[in-house]
1. Which count do you get for residues in the range A:231-240 that are closer than 20 Å to A:Val56 by Cα, open to solvent by 10 Å² or more (accessible area, probe 1.4 Å) and in contact with a Ser or Thr (Cβ under 9 Å, 6 or more places away or on another chain)?
2. Within the range B:214-235, restricting attention to residues that are open to solvent by 10 Å² or more (accessible area, probe 1.4 Å) and among the polar types (S, T, N, Q), which residue is nearest to B:Ile66 (Cα to Cα)?
3. When you go through A:Asp165, A:Asp176 one by one, which is the residue that is of a type in the set (Asp, Glu) and within 9 Å of chain B (Cβ to nearest Cβ)?
4. All but one of (1) over 18 Å from the mean Cα position of the chain (by Cα); (2) farther than 25 Å from A:Gly92 by Cα hold for A:Ala263; which doesn't?
5. So, in the range B:127-139, how many residues would count as being touching a Leu at 6+ places or on another chain (Cβ under 8 Å) and facing chain A (nearest Cβ under 8 Å)?
6. Which helices (runs of 4 or more DSSP H) sit wholly inside the range A:140-218 and have at least 2 residues that are of a type in the set (Lys, Arg)?
7. Are any residues in the range A:187-208 at the interface with chain B (Cβ under 9 Å from one of its Cβ atoms) and surrounded by fewer than 22 Cβ atoms within 10 Å (Cβ to Cβ), and if so, which ones?
8. Looking at the range A:221-267, which of its residues are under 17 Å from A:Phe139 (Cβ atoms) and part of a loop (DSSP other than H, G, I, E, B)?
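The values are calculated or read from the model by the stated rules, or taken from the named source; none is laboratory data. On a predicted model such as this, the values are computed, not experimentally measured, just so you know. Ideal geometry is used to build each Cβ from the backbone, glycine not excepted, and the neighbour counts take in all protein chains shown. With ligands, DNA and RNA removed, areas are computed over all heavy atoms of the protein, side chains included. Shrake-Rupley method; radii C 1.70, N 1.55, O 1.52, S 1.80 Å.
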Amino acid sequence: MRQLTSASRARYFRRQLTDRIMSGLCLLAAAIGLSLLGLILWMLFSNGIGGLSVAVFTQSMAQPGAGGGLANAIVGSLIQVGLGAMIGAPLGMMVGVYLSEVGKDSLFASIVRFVNDILLSAPSVLIGLFVYQIAVAPFGGFSGIAGAISLALIAMPIVARTTEDILRLVPQAYRDGAIALGSRENEVVRKVVLPAAFGGILTGVLLAVARIAGETAPLLFTSLGNTNWSTDITQPMASLPIAIYRYAGSPYGEWVSLAWTGALLITVGVLLLNILSRFSHAAVAGRTGG
Amino acid sequence: MVLMNEATASTARTDVSKPAPPVQRAAPVPAPVRISVAGVSAFYGEKQALFNVSLDVPDNSVTAFIGASGCGKSTLLRCLNRMNDTIPGARVDGRIMMDGTDINGPEIDPVQVRTRIGMVFQKPNPFPMSIYDNVAYGPRTHRLASSRADLDDIVERSLRRAALWEEVKDRLGKPGLGLSGGQQQRLVIARALAVSPTVILMDEPCSALDPIATAHIEALIDDLRNNTCIVIVTHSMAQAARVSQITAFFHMGRLVECGPTDQIFTTPKVEQTQDYITGRFG
C-alpha cells in the first residue's frame, strides 16, 4: 500500500471519527424511541393489569362504588370498528385500484390522490364534526352507526394509499401476461393483480383497523358514549377510547383504574393486529413465492 | 459465446429428430399467409418507431425478426396482437391482416385478437399462483372448459405440448414461480397454448435463459410450428438461423430484407444485411 501523506492521514481519521459519531447518534435516536415505547408499555401494564378481572369483560360500566366493568365499551368498540372497517376498507381498496390501475397519471387521478392525502392527514376531530353534521344532526341523535361512519372515513384514505402503493409494486409483466392472454382490464385486476397484492392489502387494512381502534375524537361527536349495555347502532354507543377519556379524568380511583385497564386492552389489541399483519403478509408472500 | 451457441444448436437438432433441420427446409413461402403486414408505421407519441413495413408471415413456420436494439422488431411484434394499445400515446398506421381481417379495424375488439394470438415475453412471467392455475388461466377466462375434468385435460395437454408435463405433473399445486427460469418460460408457453392460439409471438424468449434451457425452448419452438404460426424476435442471429424458416432484418425502424432464412444468411440481397449478419455492425 502507498504511504499515506500526513494530510490524507488526517482526513482519514476525520472521516472515521465522523462515521462513528453519526452511527452513535443514530443508535441514540433509536434507543430513545424504543425506550419511550417500552416505558409506555410498562406503565400500561403496571397500572392496567391490576384492574383486569372477569368483571371487566362481563359487566357494563356502572356508578362509582358499584363495581362494573367495560363489557359495553369493548363490544361497542368492536361493533363500531368492525362496521367502520367494513365500510371504509372496500371503499379505500376501490380508490386504490382506481388510482393504480385505471386513472394512473390522469388529471382526475392526480386530484383524487391529492385529496386522499389531505384526508389522510386531516385532524380526526374534524372528521367527527363533519359526520356530526351529516349523520347525527339530521337524524336527531348520536348513534353507533355515525361513529362507525366517522371511523370509516379515517380508515378509507389509509387503505386507499396502501392499496395503491402495493398495487404499484406488482410487476407490469403480470399485467402484460394477462392482457396478452386476452383478459379485459377488470379481469387483469381481479384475477392477477389483486391476488398478487393480497397480502400487502390485507396488511394495510389491518393497520387501518389498528389505527381506528384507538380513535377518540371522532367518536365524541358521533356515538357519544353510553354507560349502559347497548348493541343498537341507532342509539348512542359506548367505546373503549371514550370510556378511557371519561374515566381517566374522573375523581374516582376505581374509574381511573378501569381507564388504565381499557388502555391496556386497546394497546394489546393493536399490538396483536400489527403482529397479525406481519404474519398475513409473510404467509401470502410465501404461498405465492413472491 | 459463439461456440456455446453452436453447441446448443446441435442439441436442439438432436432433440427434434423428425423434421429436417430448419435451415435446409425453407422453400420460398412454404405455407399460406397467416398474417399480412402492409405499409405499417408505428409511433410512440412524437417518435416514429416503424416506417412503412410490409411483410407476410406464413403459417406452420417460424418467422424471425432480427436487428439491433431499437430497430423496431419488438414494436412490430407488439403490433401483431395489439399490445401497443396498452402504451399511452402509441399509434399504428397501415394494415395488418390476419386470416383476412384487419386486426386494427374499427369493429375489432383487441381482446378478441389477443385471444387468438399467444405471446411469450423476454422474462418468464408466470402469475404468482400455482402451476395448474397458471395454465388454467386462459381457459377459465374464456370459459373453454365445460367441466373440471375437461380443464384438467386442457392443462395436461398444454403442459405436454410445452414439454413440461413430466417435470411438473407431481406438483401442479405448487407455485409457478418456484420453477427454474427455463421451466417458467415453458410454463408460460403452456399457458399460451392452453387457449389454442393460431399464432404465437415470442419476444426474445431465451434472452434470460442459460444455453441448456435455450436448447429446450428452441426444440419446443420447432415442434410447435407444425400446427401454429410462430413469430420470434431474437438478438441472437445463431438462434434465428437455427429455429426460423423466414427471417426479416430490421434497421432503424425499416424492414431491410425479408426472405427464407437460409437465403438471408447465405446470400442476402442487401449489403446492409450482409454487414449485420457477418457482425460488421449491430
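1. 1
2. Residue satisfying both the conditions and the ranking: B:Thr214.
3. Going through A:Asp165, A:Asp176 in turn, just one is of a type in the set (Asp, Glu) and within 9 Å of chain B (Cβ to nearest Cβ): A:Asp176.
4. Single failed check for A:Ala263: (1).
5. Residues in the range B:127-139 being touching a Leu at 6+ places or on another chain (Cβ under 8 Å) and facing chain A (nearest Cβ under 8 Å): 3 in total.
6. Result: A:144-169.
7. A:Glu187, A:Lys191, A:Pro195 - these are the residues of the range A:187-208 that are at the interface with chain B (Cβ under 9 Å from one of its Cβ atoms) and surrounded by fewer than 22 Cβ atoms within 10 Å (Cβ to Cβ).
8. Across the range A:221-267, the qualifying residues are A:Phe221, A:Thr222, A:Ser223, A:Asn226, A:Ser230, A:Asp232, A:Ile233, A:Thr234, A:Gln235, A:Pro236.
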